[in-house]
Protein chains: 2
Amino acid sequence: MNFRLISSFLGVVAWLIGVTMCFSLPWAWPAWGGQAEFERVGSIALLGSIAVSVLVGLLLRYLGRTADGAPYRKEAMAIVGLSWLLATLLGGLPFYLSGTAVGVSVDDPTEVVQMSFVDCMFEAQSGFSTTGATVLTNVEDEELVPRCILFWRSSTHFLGGLGIIVLFVAVLGHGSAGKALMRAEMPGPSKQGMQERMQHTAWAFAAIYVALTVILTLLLKLEGRTTAQGTMSWFDAICHSFGTLATGGFSTYNDSVGHFHSPVVDYTIVVFMILAGTNFTLLYLVWLGKPGRLVRDVEWQAYIGVILVVTAVFIVVGMTWAHDFDVQDTLPPGKEFFEALRYGLFQVVSILTTTGFSTHDFDRWNQFARAVLFLLMFVGGCAGSTGGGLKVIRHVLFVKILGLEIEQSFHPRVVRHLRLGGEAIADSDLRKQILLYFGLIAFIFMLSWITLVAVEGDDAWTGRGLSLDNKLVDAASAVAATLNNVGPGLGTVGATQNYSIFDWESKLLLTFLMMLGRLELFAVLVLLMPSFWRSR
Amino acid sequence: MNFRLISSFLGVVAWLIGVTMCFSLPWAWPAWGGQAEFERVGSIALLGSIAVSVLVGLLLRYLGRTADGAPYRKEAMAIVGLSWLLATLLGGLPFYLSGTAVGVSVDDPTEVVQMSFVDCMFEAQSGFSTTGATVLTNVEDEELVPRCILFWRSSTHFLGGLGIIVLFVAVLGHGSAGKALMRAEMPGPSKQGMQERMQHTAWAFAAIYVALTVILTLLLKLEGRTTAQGTMSWFDAICHSFGTLATGGFSTYNDSVGHFHSPVVDYTIVVFMILAGTNFTLLYLVWLGKPGRLVRDVEWQAYIGVILVVTAVFIVVGMTWAHDFDVQDTLPPGKEFFEALRYGLFQVVSILTTTGFSTHDFDRWNQFARAVLFLLMFVGGCAGSTGGGLKVIRHVLFVKILGLEIEQSFHPRVVRHLRLGGEAIADSDLRKQILLYFGLIAFIFMLSWITLVAVEGDDAWTGRGLSLDNKLVDAASAVAATLNNVGPGLGTVGATQNYSIFDWESKLLLTFLMMLGRLELFAVLVLLMPSFWRSR
């Protein structure tokens, strides 16, 4: 293992984090953040964190000063896994140093409860992994959460999303899902070498990501007049844009996007969540003037198909027997339809793309709808996007493989190839890889679920006045929402709740799951294997 | 497809069912069944069912009169799948013709609710698949359920268990779990041919199965004096013996084995459930005087390990913070320990072996224990036993495969073999097969769960005074309990409840799942594929 090389790479990551933190500083001033006075503690915490990041970066670069050679597979895995770990540690610093508060004590509302070290890790990991799960109970009170720290929280989404798109997707490829899509050739003139091409791809993807973020920010700022508040600050526009394009889900309001009460904002964010969950290779091809490639893509068709079908089902169920969108049964059918479309579509897209914004309390929906949302978490966005979950393509292949294998059980000698969009794909190892991925996810899910149920006391339910009957489902949803980088789950971690009530052991487990899911398991799992470190 | 051959085989199955029904007839007489008077309707229903079975058998034999050749893989799969379907249809007849009652109406206790056609299918499938899930709410009242019909219900367990051991295990091998154990060579002198050897194995296994059933019956009869009733009828002894050795779980009492209030009976049944969940090849080797083979078997070690560890955890959790076995907190620690051991061990073994008997209302245990029981359902007994679930060996291999594949992700060129008990096993296709099996189970489980949640109305919970919060977990447990052939699940299908309240659509789904799980998926799934029937 070339430790020097790894150290050298990690040093750059530390610097990158330090540089990004600088952009949160301006929001400490009332002129930018909109708060009453200058945030002294918040800005000092940020400056301290920047200093630490720079120093850590210097130390790591120093340790890796004699590094040479290019990273092999093992080094690449270690770099990805460890840089995420490093980012979590450094990214949690501003929360910790500023004494950002989880909220006020339940027993005594004058007593402020500050974030523990684990809380800070949780929040930072949630940001970088673009999960959007939070332990903060009140982000609107700048006494509890300084504005500049809140901006840093949203920045972690931006940086995490950029890291995924550039490092994980463009440079490293992306696991079994990526393998199947290798035929959807990476953009870039074909005469170039592999190295040059990857660089080209990385720059192109980064440009698309940044461009979309800027466009959405401008749109949201413009659409501010349609909100209940009649305006939207740059602060809110930027933060929600970060949350959307990274499929993260951190909001600057306790009611998430629902705070704005604007159908225009809702639909705009829906469109950009869909874009963020789309394979960036396809977005690049659209940019190059080949929109046909997007429309004909099997994965994208399945992705849009799931959104349309599930939304239609939610509207039908909601308007016939469940009355999820018209609880008092007072709306005329036309109005009820548009309510169902608006809230149903938003929630389906938000959960499927693993963003996790909410505009409606889906925990009050019927049990079937809640179960569907739970399953959607595992679907996720398209491969090569910032979306989490298992990715749509893996599900498409999974179902095809199951069918082929059942057929092979009675025709053992007839070998049929896996086909995608009419094209046969070379699948020597792919079938096993896809099945393995589902097996690993199922195994990790079950193990984490039973651990969470064992570790977490009953008071995470009884303490909030929720029935203990919910424990098994809510715990399962908490695992699913973190492992798939969604954010909110059901019940005690649902749309109107958060993760603050969990014990630190549970939070640590969920922090680990967010990292695991974000890096598609392997880059994290290998770090746990002694043989990974021993061997050369 | 050699339909004549299939028809000829199915004819024998129909006759076998007819013959078995004859053994239920004597229990219509008060001298045998212990009821007040001769059961005219019950015995006529049985006679009618026997007549139908014989006639159907004749018809099928007639259709297959010119059959020749031996069954190939496809025919063998069709025979197994279709004979289970035929058994369900014929086995449900006695319930239907006798007008056996689900129970009395909730609104009017004088009104008797008879079993519907789907109820009869459900009960028969539950019997043959050795699941033990029931729709009968009161089996103790002979006005509702004639004794001879109740005996038939338990007989279906016996016949189903025999069918699995002889047909599925000895003759057909048993899927990916069996493949891995092929080195645990099938008993029988090695000079014999394959055909002869299979016959020998089948006879040996049948003999062990029947012998264990007889021994347990005698033991239970003898132990009758230790029960709360001071005695046990032959009827009860035989029926519970059938339920135990088949890992079925139908009881002749509403309180299941708990009815007897006897630790001696409890522990005896525990021992025989463990035996029933053991690979019959190993039992045969013990019979041949080689107990070392049993003790050194990797799967059996894991199986016993799971029982011991989970029981220990239940005792510790139950005695420290949960007080599951001492609700009023009045027992001295010594007594509490023995209570916890007795009820904890029984329930762990009952669920793990997929028997489904109960002596304690485990729905009142803590949520962690309930979650563990839920997961245990998927583990199941050993391969080559009457136990259901995924089988212990598949889990052992699954975990090993995950470890090997994670290692291979950073050492792609180093191929390490799968090892079992120190021996490398030829795994060219086995890794994919095991992963495929887990993938299929997960897929079927999720699909069935969401279907059940959608189809089943909320009144299956609200109608019993249960909170709707339970719907998602209870529905999941109902799917798990039928797919893995356990029987009772959690909540509304828990130890003290039953499946009677479900809609007929749900019952049909669960009936299908019982068959699917029992035949390890493939023999049933292929029946649904048009290409299976088209091709030759």
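Numerical summary
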quantity	calculated
Copy-to-copy label separations for B:GLU196, where each label sits 7 Å from Cα toward Cβ, in nm and ascending	7.4
Gyration tensor verdict on the stretch B:206-351 (Cα atoms; rounded if a/c is under 1.5, prolate if a/b is larger than b/c, oblate otherwise)	oblate
Most positive-pole-ward Cα, B:SER53, B:MET77, B:TRP32, against dipole of the stretch B:1-185 from beta carbon charges	B:MET77
Cα shape, chain A, gyration tensor, a/c 1.5 rule	rounded
Percentage relative contact order, the stretch B:1-52, counting C-alpha pairs under 8 Å, at least six apart	34 percent
Å² of accessible area per residue within chain B, as computed with a 1.4 Å probe and no ligands counted	38 Å²
Relative contact order of the stretch B:1-185, defined on C-alpha pairs under 8 angstrom at six or more residues apart (%)	25 percent
Accessible carbon and sulfur surface of the stretch B:1-185 relative to its total accessible area, %, 1.4 Å	66 percent
Unit charges on C-beta of K, R, D, E only; dipole of the stretch A:240-334, Debye	540 debye
Kirkwood Rh, Cα atoms: Rg over Rh of the stretch A:1-101	1.11
Where B meets A: accessible area buried, both sides, 1.4 Å probe, Å²	4600 Å²
B:LEU420 long-range amide H proximity, modeled H, under 5 Å	B:ILE425
Estimated inter-spin distance, B:LEU63 and B:LYS335, nm [label 7 Å along Cα→Cβ]	6.3 nm
For the stretch B:453-524, fraction of C-alpha pairs farther apart than 16 Å, in %	43 percent
Mean-position separation - Cα centroids, the stretch A:426-493 and the stretch A:200-263, in angstrom	29 Å
Under the Karplus curve 6.51 cos²θ - 1.76 cosθ + 1.60, θ = phi - 60°, whole-Hz ³J(HN,Hα) for the stretch A:318-323, x wherever Gly or Pro sits	x, 8, 8, 10, 8, 6
Estimated inter-spin distance, A:PHE23 and A:ARG416, nm [label 7 Å along Cα→Cβ]	4.9 nm
Dipole magnitude of the stretch A:1-185 about its Cα centre (Cβ charges: Lys, Arg +1; Asp, Glu -1), debye to nearest 20	1260 debye
Stokes-Einstein translational diffusion, the stretch A:1-185 - Kirkwood Rh over all Cα pairs, 1.002 mPa s, 20 °C, in µm²/s	122 µm²/s
Centroid-to-centroid separation of the stretch A:310-352 and the stretch B:18-69 [C-alpha atoms, Å]	54 Å
Label geometry 7 Å along the beta-carbon vector: B:LYS335 inter-copy distances in nm	6.5
Label-to-label distance, nm, for residues given as A:VAL399 and A:LEU308 (7 Å Cα→Cβ offset)	1.4 nm
Per-copy distances of the A:THR66 label point, shortest first, in nm (7 angstrom along Cα→Cβ)	8.8
The stretch A:303-437 shape via C-alpha gyration tensor axes, a/c threshold 1.5	prolate
Phi to ³J(HN,Hα) by Karplus 6.51 cos²θ - 1.76 cosθ + 1.60 over the stretch A:280-286, Hz, x for Gly, Pro	5, 4, 5, 4, 5, 5, 4
Average silhouette area of the stretch A:49-145, convex hull of alpha-carbon atoms, in square nanometres	7.8 nm²
Overall Cα dimensions of the protein assembly as shown, principal axis frame, Å, largest first	96, 63, 61
Sequence-distant residues sharing a close amide H with B:VAL102 (under 5 Å, placed H)	B:VAL113, B:GLN114, B:MET115
Positive-end extreme of charge dipole, the protein assembly as shown - chosen from A:LEU218, B:LEU516, A:VAL455 (charges on Cβ)	B:LEU516
Karplus (6.51, -1.76, 1.60) ³J(HN,Hα), θ = phi - 60°, over the stretch A:98-107, in Hz, Gly and Pro reported as x	7, x, 4, 9, 4, x, 9, 5, 5, 6
Contact order normalised by residue count of chain B, Cα under 8 Å, 6+ apart, percent	16 percent
30 Å Cα-Cα reach of B:LYS432 towards lysines, excluding residues that sit fewer than 8 places from it in its own chain	A:LYS74, A:LYS179, A:LYS391, A:LYS400, A:LYS432, B:LYS74, B:LYS179, B:LYS391, B:LYS400
Dipole of the protein assembly as shown, positive end: most advanced residue of B:SER500, B:LEU375, A:SER8 [Cβ charges, Cα centre]	A:SER8
Inter-part distance where the stretch B:280-303 and the stretch A:272-286 are each reduced to a Cα centre, Å	57 Å
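The values are calculated or read from the model by the stated rules, or taken from the named source; none is laboratory data. Computed from a prediction, not measured in an experiment: that's the story for all the values here. Heads up, the Cβs are rebuilt from the backbone with ideal geometry, glycines too, and the neighbour counts pull from every protein chain shown. Accessible surface is based on the protein model in full, side chains and every heavy atom, while ligands, DNA and RNA are left aside. Shrake-Rupley method; radii C 1.70, N 1.55, O 1.52, S 1.80 Å.
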